[in-house]
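One structure is given below, encoded as structure tokens.
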Amino acid sequence: MLHDHGLVRLLSGDGASVGLRPVAYQFSRQVAAGAAEEPTAAEPGTDWDANWLMIRGDIRTADDRGWTFTEACLTTWEAERLSAWLHATASRDPAGRQEATFTEPNVSFALDGWDGELVRIRVRFSQESLPGWMPRNFDGWQAEEYFLPLEMSCAGLAKAARSWDADRLQFPPR
């Protein structure tokens, strides 16, 4: 795990890495206040538009291909859920066995297993978070998803989780 220029980086032993960081709310409070609320059973009465976060991703594969994205792909509540998943996975808690999926399918996380003090996770990218070098079909659409496996120490994942917390807490639910 590295933490440079505010970007949390999950660093795999093979050189692959996933850096994620919330950089802004998608909408200002004024724009979000004018939108209709979409309450759900999970967050009754919450203002979805006010709570979408712009997430910057900086991704590198083991063979040194990389890409970046900045998309509104997590809500403030989902950023909290990602934190809980990272902490659970790092501490070998059974809650880490569940996938971390979100409303927008741009990024998700799955546990592939633990091996001693190492943890293997798989990060799934789709939609606007896909690498630009992926093949496109005849209509110009990219492939549907890209999986990046990572293997890192549980301690490194725990540090990454704490760094994620420091970054996400700058954008509390509103």
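What list do you get for 28, 17 if you sort them by fewest beta carbons within 10 Å?
Going from least to most buried by this count: 28, 17.
Just to be sure I understand the model, the point goes 7 Å from the Cα along the line to the Cβ. What's the resulting residue 117 to residue 93 distance in nm?
The modelled label-to-label distance comes out at 2.2 nm.
In what sequence, highest mean first, do 126-133, 147-154, 73-80 appear when ranked by Cβ atoms within 10 angstrom?
Numbers: 126-133: 15.8, 147-154: 17.2, 73-80: 21.2.
Sorting 126-133, 147-154, 73-80 by mean packing, highest first, produces 73-80, 147-154, 126-133.
Shape verdict for the stretch 55-174, please, from the Cα gyration tensor: rounded (a/c under 1.5), prolate (a/b greater than b/c) or oblate. Present the calculation step by step, with values, prior to reporting the outcome.
Values: a/c = 1.95, a/b = 1.34, b/c = 1.46.
Verdict is oblate for the stretch 55-174.
No lab work stands behind these numbers, since they all come straight from the coordinates. Predicted model only: the values in this text are computed from it and were never measured. No Cβ is skipped: glycine too gets one built from the backbone with ideal geometry, and neighbour counts run over all protein chains shown.
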